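Trainee: For reference, the structure I am asking about is given below.
The values are calculated or read from the model by the stated rules, or taken from the named source; none is laboratory data. If you're wondering where the values come from, they're calculated on a predicted model, not measured in any experiment. Cβ atoms come from the backbone with ideal geometry, glycine included; neighbour counts cover every protein chain shown. Ligands, DNA and RNA are excluded from the accessible area calculation, which covers all protein heavy atoms including side chains. Shrake-Rupley method; radii C 1.70, N 1.55, O 1.52, S 1.80 Å.
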Protein chains: 4
Amino acid sequence: MKKGIISDDFRKKLHVIIYEADTPAGRFFDLALLFVIIISIVAVMLESVTSIRLLHGKELAVTEWIITILFTLEYIARIVALKKPLNYIFSFYGIIDLLSTLPKYIDVLFPGLGFLISIRALRLLRVFRILKLSQFVGASNQLLTALQKSRVKIAVFLFTVVILCIILGTLMFIIEGPESGFTNIPVSIYWTIVTLTTVGFGDITPVTPLGQFVSVIIMIMGYGIIAVPTGLVTAQFIQERSENSNTQVCPNCNADHHKDNANYCYNCGHHLHN
Amino acid sequence: MKKGIISDDFRKKLHVIIYEADTPAGRFFDLALLFVIIISIVAVMLESVTSIRLLHGKELAVTEWIITILFTLEYIARIVALKKPLNYIFSFYGIIDLLSTLPKYIDVLFPGLGFLISIRALRLLRVFRILKLSQFVGASNQLLTALQKSRVKIAVFLFTVVILCIILGTLMFIIEGPESGFTNIPVSIYWTIVTLTTVGFGDITPVTPLGQFVSVIIMIMGYGIIAVPTGLVTAQFIQERSENSNTQVCPNCNADHHKDNANYCYNCGHHLHN
Amino acid sequence: MKKGIISDDFRKKLHVIIYEADTPAGRFFDLALLFVIIISIVAVMLESVTSIRLLHGKELAVTEWIITILFTLEYIARIVALKKPLNYIFSFYGIIDLLSTLPKYIDVLFPGLGFLISIRALRLLRVFRILKLSQFVGASNQLLTALQKSRVKIAVFLFTVVILCIILGTLMFIIEGPESGFTNIPVSIYWTIVTLTTVGFGDITPVTPLGQFVSVIIMIMGYGIIAVPTGLVTAQFIQERSENSNTQVCPNCNADHHKDNANYCYNCGHHLHN
Amino acid sequence: MKKGIISDDFRKKLHVIIYEADTPAGRFFDLALLFVIIISIVAVMLESVTSIRLLHGKELAVTEWIITILFTLEYIARIVALKKPLNYIFSFYGIIDLLSTLPKYIDVLFPGLGFLISIRALRLLRVFRILKLSQFVGASNQLLTALQKSRVKIAVFLFTVVILCIILGTLMFIIEGPESGFTNIPVSIYWTIVTLTTVGFGDITPVTPLGQFVSVIIMIMGYGIIAVPTGLVTAQFIQERSENSNTQVCPNCNADHHKDNANYCYNCGHHLHN
């Protein structure tokens, strides 16, 4: 039925505007969307400030309705522009788009759920899709690649840290006890992580000499083992760089990632002309 | 006598299940054990939360008795499965297994010692033995090797930091005195370490201008010297990587530092025999 | 007209003193200026301390007037010494010089604006111009180059961190609510950044178990992702170093990466012509 | 006169014991001294704890007199053991030795100066002289060399950070004012350094939205620029390693620090036999 109403021509034009970011119309659409998203987040933020809500509640409500309508139109347009819209609807961005549009409607029906509007902050993630088109893509990819290649080691590291925090947190609970704020083991583990990561809120602090001694060991450990993720990522970055520096491709076998000073292809032995 | 009761065949089967993690039965046993350990730790944690203990104390007590019986059976099985069980009994894991099984029994005899059950958190360390079989082993080993190779330098560094903290802590005690919370030298040293490691609880803070000036110097030192462990570990990681890469030398032109997957010398194009 | 009053000879001499730092007179002028700037900043600092202002207010006022007159004379001299003074007047340093001279005069006319004198702290930036002449220039340039070359990646990183903080800050506002100090979304975002950067003031702390759990995730993230800027800058520094080292290639065997002070090829012993 | 009393033979023996750490007697003397120093510091620490001083004041006083006498004897022995003792008396360690011996005597004459005894903590620095003989010397030297070679860059960095903190501290004083705890500019600068170094005590925290916004910028800066010292030191460590790895010395011209894969001396072109 839908197919009957919307002409293929119109769908194509919509598709160009909404999904093809390298056309002028697409670029404009993306920037306009980014602008509306930022406005919508600023509005949600301002509404959470009691004094502003009391003074300008009406203006904020109007703004939010306008944004909700714009988001609704965008959501419909995104579905209409695709021949097979299910892929979009159940994609990550599709679900976020829906979730950031619905809260205002839900709020009319079930007034207590207005806080759901905060989900809108997730729409900021769309910025990355918009940035994909810019010079940032290379930098982002290199960062991601470096992190992904170190991910097993980082996982082992984080796992060790978590076990360590469970053991040390339990120890601190036994040493300090509920009187010093270490009311139970989960709270003690929370405190241990606060301390090991060198955040140190100070909402809970050890008061017994033994507790302070164990704290000191936790702190020095935290101060030292931060070297591990840093070292892993740095080593990965350095390797990435040296591998990416020679951009030549072998004319014979198509191999790339040659060494900087390579004269011959490492794969087929073909001579490379610098 | 034991030998008479337990057949060698049964012992062998038990050994396969308990100690050989690369068989299906062994793998299942390890995962089941891991599951029980996690349940036991969650139970200990929940029991430490007063409100939960008051509501579900009975269920938690039952769970802990079941876990204690399971751990007891496991401990007996581990001993039975070995011809010479003394190695296990006095090994690191053997002692932890015993210590995490006993507390519940001790609690019946001497009620005041129930807190010993927290020792169970140490059982989490067994996770590493289970992980030994997975892909994590390589990553863990590389991390450990890097840390071990830097250990003399890290020891020198930590030693310097500790001496520094003793001297600066004493200085802060003289400057600030008991009125500002620097009640004695050990507490001042505790504060100095809290500050130098950039944790900064804020339970004790300098109030005199001179004390604040010295604090500023301690902070900047702490901010700067964190570079030392980080630099050591990073340099070690980078060296590990380059050592693990291709150590071949071209038989024709003597060039080295070939790529891992090189078939031909990058310098002269000579064929490399792997 | 000006040209008529001030002889070219006098202007040249002034120029040598004020702008040419590598002459004895210029060097003396720079150091004297630096001394006056430091005195002026110390005076502003001391005046902000209530107890000192009450005791030595008169002396400080006199000092500040003397400094203001010196700065006025310097500003006039700088303009006079140049044939085309507009470049200086609208340069970064020209504007700072004017802004740090004016406040005292403005204070006479409009007494409420005395705090503008704090702008003087910006004059400290002139230190960098004075240092330009010293051995520090190389080090500064290398630092700046390394930071500039990593700037796209650092921007992507900071951008990701900010989006993350907006999303996590909103989440913490929903979880904790105004009772725990998370009074509105902007404050929650402020708290998230305080936590992610491992500063951890402790003025606002989560009190609900779920809030503490999310905090723990934020802290571990903050503890881990500090590796990214560190890794980027370190990789850049290392590349700078290797690029600044010897770029010569042996004319006989094509080997590169010679030592800085190499006379002979390390690979074939051929003489290298520098 | 002294020469008449003390025989050259006795002086030589004393010298071997006190100054030559690689003989058995010297080694024993060093370890005994280290033991006494640690005891003396523990005694000073314990005396600063009010509850312990009240209970065991007498025992501590006796211990301190014994230590003072031992230090006095050591100081005299050190002077006697040298033919020209002035070098020692006015050396760094000589002055510390004197300063850590005198306080107890001064305390008898002028009771109010008892706190001077804390100077004894400086004696711990002697540990480094004792360690000089062990395997730690290489590690310490490498750390020191790396730090020294980066020292100009680290100085430029610290200098920039200090100027930044003065400017940002003044800004925060203007924004927040005395009501929020930013009572004067020096205190605001102290707060800025506490925040930039990610220590974050929380004794002073911004309360105005603008102040929190500037704080957020300070924190992110602090989180980011820690990369600079880390990067500098890491790059230096990596260079040290690659330079120190080949320990060969050219048999012809005595040049060292050859490249790992060197076949010929970089300095004279002589063939190196691996």
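Trainee: Considering only the stretch C:179-203, state which residues are within 21 Å of A:Val187 (Cα to Cα) and more than 30 Å from the chain's Cα centre (by Cα).
Mentor: Within the stretch C:179-203, C:Glu179, C:Ser180, C:Gly181, C:Phe182 qualify.
Trainee: Let me ask something additional. Do you know which residues across the stretch A:160-178 are surrounded by fewer than 23 Cβ atoms within 10 Å (Cβ to Cβ), under 34 Å from the mean Cα position of the chain (by Cα) and within 10 Å of chain B (Cβ to nearest Cβ)?
Mentor: Of everything in the stretch A:160-178, those that are surrounded by fewer than 23 Cβ atoms within 10 Å (Cβ to Cβ), under 34 Å from the mean Cα position of the chain (by Cα) and within 10 Å of chain B (Cβ to nearest Cβ) turn out to be A:Thr160, A:Val162, A:Ile163, A:Leu164, A:Ile166, A:Ile167.
Trainee: Report every pair of residues separated by at least 6 positions or lying on different chains whose Cβ atoms are under 9 Å apart, first residue within the stretch D:64-85 and acidic (Asp, Glu), second open to solvent by less than 20 Å² (accessible area, probe 1.4 Å).
Mentor: That search, which allows pairs on different chains as well, returns D:Glu64/D:Ser40; D:Glu64/D:Ala43; D:Glu64/D:Val44; D:Glu64/D:Ile117; D:Glu74/D:Ile18; D:Glu74/D:Leu33; D:Glu74/D:Asp97; D:Glu74/D:Thr101.
Trainee: Among all residue pairs at least 6 apart or on different chains, which show Cβ distances below 8 Å where the first residue, located in the stretch C:89-108, is farther than 17 Å from C:Val127 by Cα and in the same structural domain as C:Leu70 (by the TED database) and the second is open to solvent by 70 Å² or more (accessible area, probe 1.4 Å) and not aliphatic (A, V, I, L, M)?
Mentor: Going by the 8 Å Cβ cut-off, the qualifying pairs are C:Lys104/C:Trp65.
Trainee: Return yes when B:Val162 is at pLDDT 90 or above and in a helix (DSSP H, G or I) and no when it is not.
Mentor: Judged against the criteria, B:Val162 is not a match.
Trainee: Right, here's the next one. Considering only helices (runs of 4 or more DSSP H) fully contained in the stretch A:184-274, which possess at least 1 residues that are more than 7 Å from chain B (Cβ to nearest Cβ) and at pLDDT below 75?
Mentor: A:227-244
Trainee: Continuing with the same structure: Can you pull out every residue in the stretch B:20-37 that is surrounded by 14 or more Cβ atoms within 10 Å (Cβ to Cβ) and either of a type in the set (S, T, N, Q) or in contact (Cβ under 8 Å) with a residue 24 or more places away in the chain (or both)?
Mentor: B:Ala21, B:Arg27, B:Asp30, B:Leu33, B:Leu34, B:Val36, B:Ile37
Trainee: Right, something else. Only one residue in C:Ala25, C:Ala81 is over 25 Å from D:Ile167 (Cβ atoms) and in contact with a His (Cβ under 7 Å, 6 or more places away or on another chain). Which one?
Mentor: Residue meeting the stated conditions: C:Ala81.
Trainee: So is B:Ala81 within 27 Å of A:Phe182 (Cβ to Cβ) and crowded, with 17+ Cβ neighbours inside 10 Å or not?
Mentor: The answer is no for B:Ala81.
Trainee: Related question: Quick check: anything in the stretch A:38-50 part of a helix (DSSP H, G or I), over 26 Å from D:Thr208 (Cβ atoms) and either open to solvent by 70 Å² or more (accessible area, probe 1.4 Å) or not assigned by the TED database to the domain that holds A:Lys83 (or both)?
Mentor: Within the stretch A:38-50, none of the residues are part of a helix (DSSP H, G or I), over 26 Å from D:Thr208 (Cβ atoms) and either open to solvent by 70 Å² or more (accessible area, probe 1.4 Å) or not assigned by the TED database to the domain that holds A:Lys83 (or both).
Trainee: Across the stretch C:104-116, what is the total count of residues that are open to solvent by less than 50 Å² (accessible area, probe 1.4 Å) and modelled with pLDDT of 80 or more?
Mentor: The number of residues fulfilling the criteria is 2.
Trainee: Now a separate question. Cβ-Cβ under 9 Å, sequence separation 6+ or interchain: first residue in the stretch A:138-159 and within 14 Å of chain B (Cβ to nearest Cβ), partner hydroxyl-bearing (Ser, Thr, Tyr) and assigned to a helix (DSSP H, G or I). Which pairs?
Mentor: Listed by first residue and then by second, the contacts come to A:Lys153/B:Ser140; A:Val156/B:Ser140.
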